[in-house]
Amino acid sequence: MSRAEIEALIADPLVVAGIAAVVVAILAVLLVAAMLRAGRQSRALAAQLARLGAGQAQLAGNLQMVSDTQSNAQLHLVQTVEARLADVQGRMNDRLADNAARSARALSDMQERMRDTLHGQGEKTTNSLTQLRERLSVIDRAQDNIAKLSGDVLSLQDILSNKQRRGLFGEIQLADIVGQALPAGGYTLQKTLSNGKRADCLVHLPQPPGPIVIDAKFPFEAFERFAAAETKEEAARALASLGQAVRKHIRDIAERYIIEGETADGAIMFLPSEAIYAELHARLPEVVREGFAQRVWIVSPTTCMATLNTMRAILKDARMAEQAGAIRRELGLLHADCERLVARVGNLDRHFAQARKDVDEILISGERAGKRASRLHAFDFDEAESPADIEARG
């Protein structure tokens, strides 16, 4: 269709009226459809409004139920808290009273034990110190005796080595030499033995060898004859006579002064002159050997001094051994006293440690009670402890 034809149709009134009628019909149909749709929507809206009203009513009922439940729960919580608070306060009061009573009893018992312990330990310590002072005084006296014995050193002077006859007095010389060499209690002059024989000197040596006799009765007359001989024949006869006299004297000494169980197994024959000693060893060595065989030892003033100094050393060692034994005994007693003192101090230390432990436990209980009272005062009931937990923690 051309544009002219279209314009011609539009210009035709009938066509325009028909088109208008068609448009009106279409609009009426659309209006009816819209009205139908609106009716359906209104009905749906009414249903939704009804459902919304029912939901609001139900919501109001639920809110009322929640409000009632919350009120009941709050009331129950308040009642439960009040009951637990009363129970906790009661337990705390009971525990505080029990702790106070236990603390009082513990302090009283501890004070009583400490009083008894200190009193007993004080007496024991005083007795131990007294005994210790006595032992130390005994040891001091023993040390003084040892020092005195150690300082008892005698001179080794050979004051009687003169070879001239007028000074040859055997017993006097022996007494002087022994007095210079030995302490006063180490020998006895003119001692009578069990067989009735009298020894010129008895040296009290300890066993072994035991007391030993020194004899000073040398046959001086035979030596005088030998010294006065002018010819070889006279000298030979005098020397033989001197040998016989010395042999007899050796046998007499062995028989008289060697007593089994009473004296030493030997004796000493003292020659009052170095000259006699030298002549005897030079001219009669067989006689000296016989003396050895009879256990009789021949000494001069010089060798006697040396022998006596050896005996003095033996006596000194014996006395020091006696003093050492006394010191050992005293040291043993002192050691026992020290061990008892250490044991008693250890007992006292254990008592103090136990007292310290009791005080620490009391302080811990007091500190816990103070903390619990502070929480009660601040109404801090976040996590209450059971009595079993409290007992387990101590």
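The values are calculated or read from the model by the stated rules, or taken from the named source; none is laboratory data. Predicted, not measured: the structure shown is a model, and the values here were computed from it. Note: ideal-geometry Cβ built from the backbone for every residue, glycine included; neighbour counts use all protein chains shown.
From 147, 83, grab the single residue that is modelled with pLDDT under 75, among the aliphatic types (A, V, I, L, M) and either over 30 Å from residue 272 (Cβ atoms) or touching an Asp or Glu at 6+ places or on another chain (Cβ under 7 Å) (or both). Reasoning before the result, please.
On the way: 83 fails: modelled with pLDDT under 75.
Result: 147 is the single residue among 147, 83 that is modelled with pLDDT under 75, among the aliphatic types (A, V, I, L, M) and either over 30 Å from residue 272 (Cβ atoms) or touching an Asp or Glu at 6+ places or on another chain (Cβ under 7 Å) (or both).
Charged (D, E, K, R) and under 30 Å from the mean Cα position of the chain (by Cα): does that describe residue 337? Walk me through how you get there before you give the answer.
Working: charged (D, E, K, R): yes; under 30 Å from the mean Cα position of the chain (by Cα): yes.
Yes: the conditions hold for residue 337.
May I ask you to say which residue of 264, 306 is part of a loop (DSSP other than H, G, I, E, B) and either in contact with a Gly (Cβ under 6 Å, 6 or more places away or on another chain) or not assigned by TED's automatic domain parsing to the domain that holds residue 183 (or both)? Even if it seems obvious, please write down each step before you answer.
Numbers: 306 fails: part of a loop (DSSP other than H, G, I, E, B).
Step by step, each of 264, 306 is checked, and only 264 is part of a loop (DSSP other than H, G, I, E, B) and either in contact with a Gly (Cβ under 6 Å, 6 or more places away or on another chain) or not assigned by TED's automatic domain parsing to the domain that holds residue 183 (or both).
So for the range 308-327 (the condition being closer than 30 Å to residue 116 by Cα and out of contact with any Phe, Trp or Tyr (no Cβ under 8 Å at 6 or more places or on another chain)), does at least one residue qualify? Working first, answer last.
Initial filter on the range 308-327 (closer than 30 Å to residue 116 by Cα): none.
Checked the range 308-327: no residue is closer than 30 Å to residue 116 by Cα and out of contact with any Phe, Trp or Tyr (no Cβ under 8 Å at 6 or more places or on another chain).
Would a scan of the range 329-347 turn up a residue that is within 24 Å of residue 208 (Cα to Cα), at pLDDT below 85 and not polar (S, T, N, Q)?
As a first pass, look at the range 329-347 and keep what is within 24 Å of residue 208 (Cα to Cα): 329.
Pick out the ones that are also at pLDDT below 85 and you get 329.
Of the ones still in play, those that are also not polar (S, T, N, Q) are 329.
Looking through the range 329-347, at least one residue is within 24 Å of residue 208 (Cα to Cα), at pLDDT below 85 and not polar (S, T, N, Q).
Inside the range 223-237, can you point out the residues that are modelled with pLDDT of 85 or more and surrounded by 14 or more Cβ atoms within 10 Å (Cβ to Cβ)?
237
Any idea which residue in the range 192-222 is nearest to residue 274 (Cα to Cα), counting only those that are free of Cβ contacts under 8 Å to residues at least 12 places away in the same chain and either surrounded by 16 or more Cβ atoms within 10 Å (Cβ to Cβ) or touching a strand residue (DSSP E or B) at 6+ places or on another chain (Cβ under 7 Å) (or both)?
198
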